[in-house]
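Contents: one structure, followed by commentary.
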Amino acid sequence: MDTHALESPALRHHFDTAEQQKDASTLGMWIFLVTEIMFFGGLFAGYTVYRQLYPNVFAAASNELDILLGGVNTAVLIFSSFTMVLAVWSAQTGSRKGLMVNLVLTMLLGLVFLVIKGFEWHHKWVMHEIPGASFHWEGPNPGQAQLFFSLYFAMTGLHALHMVVGIGILSLLLYMAWRGRFSRDYYTPVDTAGLYWHFVDIIWIFLFPLLYLIGRHHHG
Amino acid sequence: MITATVEQKHYLNAEYGLKSWLLTTDHKRIGLLYLGTITFFFLLGGIFATLIRLELLTPPGDLTNSETYNKFFTLHGVIMVFFFLIPSIPATLGNFLIPMMVGARDLAFPKLNLLSWYLLLAGGLLSMWAMFAGGVDTGWTFYTPYSTTYSNTYVIATALGAFIAGFSSILTGLNFIVTIHRMRAPGLTWFRLPLFVWSHYAAALIMVLGTPVLAVTLVLVALERAFRIGIFDPALGGDPVLFQHLFWFYSHPAVYIMVLPGMGVISELVSTFSRRRVFGYGFVAFSSVAIAVYGFLVWGHHMFVSSQSVYASLVFSFLSFFVAIPSAIKVFNWTATLYKGSISYETPMLYAFGFIGLFTMGGLTGLFVATLGVDVHVHDTYFVVAHFHYIMVGGTLMAYLGGLHFWWPKMTGRMYPEGWAKLSALVIFLGFNLTFFPQFLLGYLGMPRRYHAYPDEFQVLHVLSTAGASVLAVGYLIPLVYLVWSLRYGKRATANPFGATGLEWKTSSPPPTYNFDVTPAVTHEAYDYRALAEEETEGVRVG
């Protein structure tokens, strides 16, 4: 037998060492996150253009968002990043129980975020602030206000989609952890999923001030 | 008798059956899956090109009405750009060769690689469904507000097809970058890599950085069309020109996704068939990266007449001239490589010569359209059509065919028939020029693109172009026949039939499943023909 077979069973045939495999996976995830930045970047560019064109209407529309719910959600997500770090740390130190507990906590926090987000969206529905035929806006320039809400729904919707995918990935990890697939020597999937989870959080860290906070001082 | 039938195990005969292909994670088999897929799309796109040229044979719109003609050129563009040119060289040759050139057993993420192929297939099938359901007439550019508000055709389905194919491209690019960073064989430093690998690295950067922007833009087009969210609708405060900015932010660099891998192929061919190290290796390597970087800064040159500010246009014009520098560096260095080389004229080299000439013409006419005043005159005319066909067909497709012939023995274990191959290379070169050179003249005289009828005085040039397209079609069909023929009747290929230096030639043809019996160690620079000769004489002495 060659030395390859003596390495960890998680080592795929085309890598020479476990270290090379981990390096490749980590780099792959970072590049994927770069593509995600470019993906959201198109929306951020659109937001920048229209906010610069229509600052007053954007400020007024921004005041329609619930800053309390948005703020709570920000705290929830930041806390979920903390539990995600603990999950990675548990994997590194070989604590299967710690890993599973923290994965479950992270997923629950993600669900809390989505539920709160759902209430916010529902409120917009009730208020006729969903872009489309039923859109209704009291103030001047309803078209421009609708643009704000189009961007709001596109950006938070895409973000929420990423949260759903993230929770899916974490449940897969939970299953793998339960089956005892991870060890001190092999926890790359937990590590890369952590990168993804933090990335989704960071997107929100940009969305929250841009959508909720930036028009506040125009209030009244 | 028994000894005669014992055949060496390689990636093609390691397993048999449909499942062994559809579920394969071997980069070489996936490369062949791509080869089949994009050949199909090339023929499909070619059918629409034929219909376009037939309609333009006579001045009045007599073959079809204008609506149907709009669908013809849209489907030709969508299929050729998103389902043939973008995947062409990277997904077939790149997929097959990059792991071998870096001395690895596979790409870094083999399953992801298979997923990329399925994504391209799914995107292609969705777009084809849209085509049969009623087609699409927006042009491959999906310009708003026509695509979002006015078109009555299958815009969303087609855009979704391109969106899905985009993820195929993203994952391929990601796979290449990680592989080139992390999987190189011992001793294979960055500056010992074949230039093919450098140019694919540069193209992969664009795939990874540009394609997501197209993806989100197409999502916005679909949302706008489905829900009238207003983002590109001036009636609701939106800006259709924003679409053009987002679209060209990807679609201009996408030209370099198409042509950079082709340049990589040409570097290999020019070196191999003149038996010289590529002149100015470092410059050629870095010019690929420079093209990828500058490529992201010139998108506004598509929008000189779309109400973009004059100052922005000035900057975009200047930067577009700037891209010519790294492109010219490549052309000059290939030419310098030939100087005092032992040049031989096998088929791949004929394609390489074709590429250098046609790419130079495409590039120089690019300078015409990058010039603000000239562009106002030739914008949206056949001059632009001819310009980008010189780059995409004269450049990318010539390189693709040259590369396909060059590595065909490696991929299939069989030689192509040299006589027929040379003939078809010549037919393609002549047919290409006859098709597209008259279009420069037509455009300069004022023939607009995307019109199905035209004044009588343009007919002579249009007839020449259509005649050229017929010659070109014959030129493409000949290789299709003899390459398939060679799979069974071609002469068996040796490991290194062209005396080339890359690692891919150090293993048998076709290669074993894991490419190399022993991971190779690299001790010399790329294109070191003296080292190759020494190794061969040593091999004779030992063996």
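Please treat every number below as a calculation from the coordinates, not as lab data. Being a predicted model, the structure only gives us computed values, none of them experimental. Neighbour counts run over all protein chains shown; Cβ positions are idealised from the backbone, glycine included.
Remarks
- Once the chain from A:Ile116 to A:Thr48 is taken as fully extended at 0.36 nm per residue, the excess over their C-alpha distance is 21.9 nm.
- Cα gyration tensor shape of the stretch B:2-542, rounded if a/c is under 1.5, else prolate or oblate by comparing a/b with b/c: prolate
- Cross-link table B:Lys330/B:Lys422; B:Lys28/B:Lys491; B:Lys9/B:Lys410, entries beyond 23 Å C-alpha to C-alpha: B:Lys330/B:Lys422
- B:Tyr146/A:Asn56 FRET efficiency (R0 35 Å; Cβ-Cβ; nearest 0.05): 0.70
- Residue-count net charge about B:Met183 - beta-carbon cut-off 12 Å; Lys, Arg +1, Asp, Glu -1: +1
- For B:Thr381, the residues whose modelled amide H falls within less than 5 Å of its own, excluding neighbours fewer than 5 places apart on the same chain, are B:Arg449.
- C-alpha long axis of helix B:240-274 to longest principal axis of chain B, angle in °: 30 degrees
- Amide N proximity, the stretch A:159-203 versus A:Arg96 label position 7 Å along Cα-to-Cβ, cut-off under 16 Å: A:173-187
- Förster radius 30 Å - calculated FRET efficiency between A:Glu19 and B:Asn13, Cβ distance, rounded to 0.05: 0.30
- Summed residue charge, Cβ within 14 Å of A:Leu210's Cβ, Lys/Arg positive, Asp/Glu negative: +2
- Sparse-neighbour loop sites [chymotrypsin sites (Phe, Trp or Tyr not before Pro); the stretch B:1-101; at most 15 other C-beta within 10 Å; DSSP]: B:Tyr16
- The stretch between B:Ala328 and B:Ser344, if pulled fully straight at 0.36 nm per residue, gains 3.4 nm over its current Cα-Cα span.
- Pairwise FRET efficiency - B:Val460 versus B:Leu63, Cβ, R0 = 22 Å, nearest 0.05: 0.70
- The value of relative contact order for the stretch A:18-218, using C-alpha pairs under 8 Å at least six residues apart, is 37 percent.
- Neighbour cut-off at most 16 other Cβ (10 Å), DSSP loop, chymotrypsin sites (Phe, Trp or Tyr not before Pro), the stretch B:349-407: none
- Cα shape, the protein assembly as shown, gyration tensor, a/c 1.5 rule: oblate
- Computed over chain B, relative contact order equals 18 percent, with contacts defined as Cα pairs under 8 Å that lie 6+ residues apart.
- Span from the the stretch B:85-155 Cα centroid across to the the stretch A:84-118 one, whole angstrom: 36 Å
- Taken along the Cα-to-beta-carbon direction at a fixed 7 Å, the label points for A:Arg184 and B:Ser306 span 5.8 nm.
- Between B:Lys111 and A:Arg12, the simple spin-label model (points 7 angstrom out along Cα→Cβ) gives 0.8 nm.
- Shielding score for A:134-142, defined as the mean number of other chain Cβ atoms within 10 Å: 1
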